[in-house]
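Here's the structure, in structure tokens; my notes come after.
The numbers here are math on the coordinates, done by the rules we state, and not lab data. Because the structure is predicted, anything quoted here is derived from the model rather than measured. When we count neighbours, we look across all protein chains shown, and the Cβ atoms used for this are built from the backbone with ideal geometry, even at glycine.
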Amino acid sequence: MVQLNGRAYSRREIAEHAGALSQFAGVRLMTLGDGVERGIRMLEFRTGTGLRFTALVDRAMDIADCEFRGVPIGWNSPAGFRHPGLHEYEGEGGLAWARSFSGLMVTCGLDHILFMNEVSAQTYIYSPKKTVSHSLHGRVGTIPARLTGYGERWEDDRCFLWAEGVVQQSAVFGEDLHLIRRIEAEVGTNEIRLTDRVVNHGFYKTPHMLCYHINVGHPVLDAGSRYLAPIRDVVWAAHAGADYRSQDTGYRTLPAPKLDFHEQVWQHELGADANGEVPVALVNDRLGVGFEVTTRKDQFPCQFEWQNLQAGQYALGIEPSTHHVLGNQAARDRGEMIWLQHGEERRYDSTFRILDGAAAIAASEARIRAISGQPDDDYPEPSNNHIKIEGRG
């Protein structure tokens, strides 16, 4: 049954009460028409509960807008949802990625994440190409998808909104990785389900790295908002040392926007429940709303917390990752790089959930704390214990 407006409807009853499902919920394709966004195809999803979100077909099918009953959940940066044709991947010493950085979710990968570096290209068997030069967070987030389908699917009296597309990151004498992305949201619920498969379509042995930069904005992020995660160890903090407390911002409780704030990034070692799932949330108790991300420990063994609390750019990032914050070269040196041969793939299953009300927040917090508590200290001393990721190399 579909839960709408406080009652349950069968498929027949939905049809009896309106000429089309779109009166309540649906997914539709549109094209943005002005400014830096001009020409981007966008899918708009509405689940009928007040959850509305958009996926940018021409930006790797990443999730851009997200709101719940008019309350913004996702982050809109000053960069806007920039058309990929305007993007300069090699620009600004590899930092031009930040000129296309906006939205609830930005995909990082497919062969590189984190900061700029240069690594060996020997697996591509082309003598003029000695190295591969990577900019911040990789190329995939500004590659248009080939939209293979979208619409509504009924299973008896349950209805699912869906979209699927293929993002191809490819080069001659280089990688040929395909991201097959499927987005689903059941009508009458507050959940977004994301299923990604990354497949090596080429015939070179190819490195693979993936990270989701999931960005929550105001008002879910506000003074007093809480970051909840099953933290077993604080592994690393970019600002640890003499500057650890200088910005008066710990990992747990978030402040209002600040002037001259330098981003802070933490790597937490997170626990998983009996099903292998890792839930993380940002909650605003005053508003009674939160946002929860659930991933799988065997797919994303690492996770970062990104704090960009600068006025005018105010955001909190939840970042599940296939690799440690140490980066591309370290992953190779430690035998932790994922290497894909032709036809091999990796799958990633994630759920984004709106926490509506104090009871939903309490249930999420209880689930998280049942896995592991959090450090009581806002500034726990990082262990620098980057646990070996087994089964790779």
TODO: Return the distance in nm (one decimal) between the two label points of a simple spin-label model at ASP377 and HIS342, each offset 7 Å from Cα along Cα→Cβ.
DONE: 5.4 nm
Open item on the list: Tell me whether the chain comes out rounded, prolate or oblate; compute the Cα gyration tensor, take square roots of the eigenvalues as a ≥ b ≥ c, and use a/c under 1.5 as the rounded threshold.
Closed with: oblate
Task: Efficiency of FRET between TYR89 and ARG28 - r from beta-carbon atoms, R0 22 angstrom, step 0.05 - done: 0.10
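Based on the Cβ-Cβ distance of ASP285 and ARG158, what FRET efficiency does E = 1/(1 + (r/R0)^6) give at R0 = 35 Å, to the nearest 0.05? Don't jump to the answer; show the numbers that get you there.
Values: r = 32 Å, r/R0 = 0.92.
Given R0 = 35 Å and the Cβ-Cβ separation, E is 0.65.
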Open item on the list: Going by amide H atoms built from the backbone, whose H comes under 5 Å of the H on VAL235, apart from near neighbours?
Closed with: GLN267, HIS268, GLU269, SER383
- [ ] Set Lys and Arg Cβ to +1 and Asp and Glu Cβ to -1, take the dipole of the chain about its Cα centre, and tell me which of TYR89, GLY335, ALA79 lies farthest positive.
- [x] TYR89
Open item on the list: Cut-off under 12 Å on the C-alpha distance; same-chain residues fewer than 8 positions from LYS130 excluded. Which aspartates and glutamates are left, in chain and number order?
Closed with: GLU118
Task: Whole-Hz ³J(HN,Hα) from phi, Karplus 6.51 cos²θ - 1.76 cosθ + 1.60, for the range 350-358, glycine and proline x - done: 9, 10, 10, 9, 7, 9, 9, x, 4
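Counting Lys and Arg as +1 and Asp and Glu as -1, each charge on the Cβ, what is the dipole of the range 175-317 about the Cα centre in debye, to the nearest 20? Display every interim value, and only then the final one.
On the way: 13 positive and 19 negative charges, 10 e Å.
For the range 175-317, the charge dipole is close to 40 debye.
State, as an integer percentage, the relative contact order of the range 2-371 based on alpha-carbon contacts under 8 Å between residues 6 or more apart.
RCO, the range 2-371: 15 percent.
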- [ ] Over all alpha-carbon pairs in the range 1-123, figure out the percentage whose distance exceeds 19 Å.
- [x] 59 percent
Open item on the list: Can you tell me which of ARG11, ARG82, ARG296 moves the most in a GNM of the chain? Springs connect C-alpha atoms under 10 Å apart.
Closed with: ARG11
Task: Ellipticity estimate at 222 nm from DSSP helix runs (n ≥ 4, -39,500 (n - 2.57)) divided over the chain, nearest 500 - done: -2000 deg cm²/dmol
Task: Nearby lysines by direct alpha-carbon distance to LYS129 (threshold 28 angstrom, same-chain neighbours under 8 apart not counted) - done: LYS205
Task: Selection from VAL119, VAL172, GLN313, by position along the positive dipole direction of the range 2-371 (Cβ) - done: VAL172
